[in-house]
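**Student:** Here's a structure for you.
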Amino acid sequence: DTGVSQDPRHKITKRGQNVTFRCDPISEHNRLYWYRQTLGQGPEFLTYFQNEAQLEKSRLLSDRFSAERPKGSFSTLEIQRTEQGDSAMYLCALRGGTEGTDTQYFGPGTRLTVL
Amino acid sequence: AQSVAQPEDQVNVAEGNPLTVKCTYSVSGNPYLFWYVQYPNRGLQFLLKYITGDNLVKGSYGFEAEFNKSQTSFHLKKPSALVSDSALYFCAVRDRSGGYNKLIFGAGTRLAVHP
């Protein structure tokens with residue numbers, strides 16, 4: 001148990017539809033990251049939250065993507081007008097825990113398939 | 001720019017034999033290095049990290065990694081492989097360029113341990 005859950009685990013959608021994913025830390029963590037992992041690649045950074053503030057966004061996060069963390073606890077990632085290239089695993093990670101403040105712990109991910 | 005390279009797409013090893021999964025890095029300043037493992041349809045699971053101190057780092061499930069500054073390498077090792085070690089392994093380096101400690105991952109190495 002990494003201390004973070006993600007919902008849904010799988011999402012299949014048609015091109016042009018909007019989708020929203022949710023990340024829920026089990027306990028209080030002020031540092032939260034989103035990554036995207038495409039097939040055959042390592043995860044790539046999308047965005048970072050410290051509490052409710054979104055402090056860094058990757059250039060990968062186009063204007064169709066938006067992320068929020070309204071109360072500094074759970075976070076949502078929305079993709080508008082999905083494209084086939086958005087098909088990927090979307091991973092949420094928390095930083096800090098028993099292994100120290102430098103370590104990130106990942107949720108199980110949401111696998112998105114855009115038809 | 002900071003980067004990580006995993007030169008092998010796949011490593012094959014017989015059960016009971018030692019295994020090595022290679023990783024080289026390029027960073028400015030002192031590196032913070034990590035290894036993660038990913039099982040099918042799962043998120044990333046933390047194995048071990050190097051921050052400072054001893055060059056040989058011990059982690060979960062009998063894995064260890066050797067930090068070599070002169071060769072800019074951080075190879076993952078295990079003295080005796082198990083079939084259950086078969087998975088995707090990712091090396092990562094902390095990127096402080098944005099100030100928020102995101103991780104930069106290699107492309108991953110698939111480890112196949114044969115009975």
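**Student:** Which residues, taken from the stretch A:84-100, are touching a Gly at 6+ places or on another chain (Cβ under 8 Å) and outside any strand (DSSP E or B)?
**Tutor:** Answer for the stretch A:84-100, where residues must be touching a Gly at 6+ places or on another chain (Cβ under 8 Å) and outside any strand (DSSP E or B): just A:GLY97.
**Student:** Taking A:LYS14 and the conditions (1) over 19 Å from A:TYR105 (Cβ atoms); (2) in contact with a Pro (Cβ under 6 Å, 6 or more places away or on another chain), which numbered condition does it fall short on, given that it satisfies the others?
**Tutor:** Checking A:LYS14 against (1) over 19 Å from A:TYR105 (Cβ atoms); (2) in contact with a Pro (Cβ under 6 Å, 6 or more places away or on another chain), the one that fails is (2).
**Student:** Let me ask you something else. Please specify each residue of the stretch B:79-98 satisfying the condition of being aliphatic (A, V, I, L, M) and assigned to a helix (DSSP H, G or I).
**Tutor:** Quick first cut of the stretch B:79-98, residues aliphatic (A, V, I, L, M) only: B:81-83, B:87-88, B:92-93.
Residue satisfying the conditions is B:VAL83 alone.
**Student:** Further, regarding this structure: Out of the stretch B:29-54, which residues are under 14 Å from the mean Cα position of the chain (by Cα) and either in a loop (DSSP other than H, G, I, E, B) or among the hydrophobic types (A, V, I, L, M, F, W, C) (or both)?
**Tutor:** First pass over the stretch B:29-54, keeping only residues under 14 Å from the mean Cα position of the chain (by Cα): B:31-38, B:44-51.
Matches in the stretch B:29-54: B:PRO31, B:TYR32, B:LEU33, B:PHE34, B:TRP35, B:VAL37, B:LEU44, B:PHE46, B:LEU47, B:LEU48, B:ILE51.
**Student:** All but one of (1) without any contact (Cβ under 8 Å) to a residue 60 or more places away in the chain; (2) surrounded by fewer than 14 Cβ atoms within 10 Å (Cβ to Cβ); (3) over 13 Å from B:PHE105 (Cα atoms) hold for B:GLY29; state the number of the condition that does not hold.
**Tutor:** Of (1) without any contact (Cβ under 8 Å) to a residue 60 or more places away in the chain; (2) surrounded by fewer than 14 Cβ atoms within 10 Å (Cβ to Cβ); (3) over 13 Å from B:PHE105 (Cα atoms), only one is false for B:GLY29: (1).
**Student:** The conditions are (1) surrounded by fewer than 21 Cβ atoms within 10 Å (Cβ to Cβ); (2) more than 12 Å from every other protein chain (Cβ to nearest Cβ), and A:ILE79 fails exactly one of them. Which is it?
**Tutor:** So A:ILE79 meets the others, but not (1).
**Student:** Inside the stretch A:44-76, can you point out the residues that are basic (Lys, Arg) and either part of a helix (DSSP H, G or I) or farther than 20 Å from B:LYS102 by Cβ (or both)?
**Tutor:** A:ARG64, A:LYS71
**Student:** State all residues of the stretch B:56-78 that are under 16 Å from B:TYR32 (Cβ atoms) and outside any strand (DSSP E or B); if no residue qualifies, say none.
**Tutor:** Hits for the stretch B:56-78 are B:GLY59, B:LYS69, B:THR72.
Rundown of residues vs (1) under 17 Å from B:PHE46 (Cβ atoms); (2) among the basic types (Lys, Arg); (3) in a strand (DSSP E or B), yes/no style:
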site: A:GLY16; (1), (2), (3): no, no, no
site: A:GLY42; (1), (2), (3): yes, no, no
site: A:GLU78; (1), (2), (3): no, no, yes
site: A:ASP102; (1), (2), (3): yes, no, no
site: A:TYR105; (1), (2), (3): yes, no, yes
site: A:PRO108; (1), (2), (3): yes, no, no
site: A:LEU112; (1), (2), (3): no, no, yes
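**Student:** I'm told A:ASP7 meets every condition in (1) surrounded by 14 or more Cβ atoms within 10 Å (Cβ to Cβ); (2) closer than 29 Å to B:VAL93 by Cβ; (3) under 14 Å from the mean Cα position of the chain (by Cα) except one. Can you identify the failing condition by its number?
**Tutor:** Only one criterion in (1) surrounded by 14 or more Cβ atoms within 10 Å (Cβ to Cβ); (2) closer than 29 Å to B:VAL93 by Cβ; (3) under 14 Å from the mean Cα position of the chain (by Cα) is unmet by A:ASP7, namely (2).
**Student:** Okay, moving on. Among residues belonging to the stretch B:99-115 that are more than 15 Å from the chain's Cα centre (by Cα), surrounded by 15 or more Cβ atoms within 10 Å (Cβ to Cβ) and part of a loop (DSSP other than H, G, I, E, B), point out the one that is nearest to the other protein chains (Cβ to nearest Cβ).
**Tutor:** Selected residue: B:TYR100.
Here, each number is a calculation from the coordinates, and none is a lab measurement. These numbers were taken from a predicted model, which means no experiment stands behind them. For neighbour counting, all protein chains shown are included, and Cβ atoms are generated from backbone atoms with ideal geometry for every residue, glycine included.
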